[in-house]
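Below is one structure, written out as structure tokens; the observations come after it.
The values are calculated or read from the model by the stated rules, or taken from the named source; none is laboratory data. From a predicted model like this one, the values you see are computed outputs, not experimental measurements. Ideal geometry is used to build each Cβ from the backbone, glycine not excepted, and the neighbour counts take in all protein chains shown.
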Amino acid sequence: MFFERIKNNVMETSATAVEALIEKAEDYSKTTIELMKLKAIDKSAEVASFLAVRLVIFVAVALFIVIINIGLALWIGDLLGKAYYGFFVIGGVNAILALLLYAFRDKWIGGPLTESVITQLMKQKSA
């Protein structure tokens, strides 16, 4: 009788310990999944803000280039005697630049942009 009580007590304690261990493992896995989700959200927000800043800078530079092109076209047109001649010259220069940009798009744009995004994704928080 005494040994049966001890045996039952040991079995109950073992079952309780196993249940506690399983519960802790479940809590750990849920916490780990939640942490991974939060890290993914944080990285996504970082990359989105990085790209948004780059887009704003791109729009500002594009606007600057358009205004400079109009000014140059008017100035060259004034030198050549007809305003539209200046626009033809600037249009030709822009066409040549567009062809060069298209030819080297992977080297000048694609590669650096891809590297920037990967760097942002792989960057570790210092805090």
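Data for the structure
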{"item": "Members of the stretch 50-73 that are under 25 Å from the mean Cα position of the chain (by Cα) and either modelled with pLDDT under 90 or within 27 Å of residue 95 (Cα to Cα) (or both)", "result": "50, 51, 54, 55, 56, 57, 58, 59, 60, 61, 62, 63"}
{"item": "Cβ-Cβ under 7 Å pairs, at least 6 apart or on other chains, the stretch 34-52 side surrounded by 10 or more Cβ atoms within 10 Å (Cβ to Cβ), far side not in a helix (DSSP H, G or I)", "result": "none"}
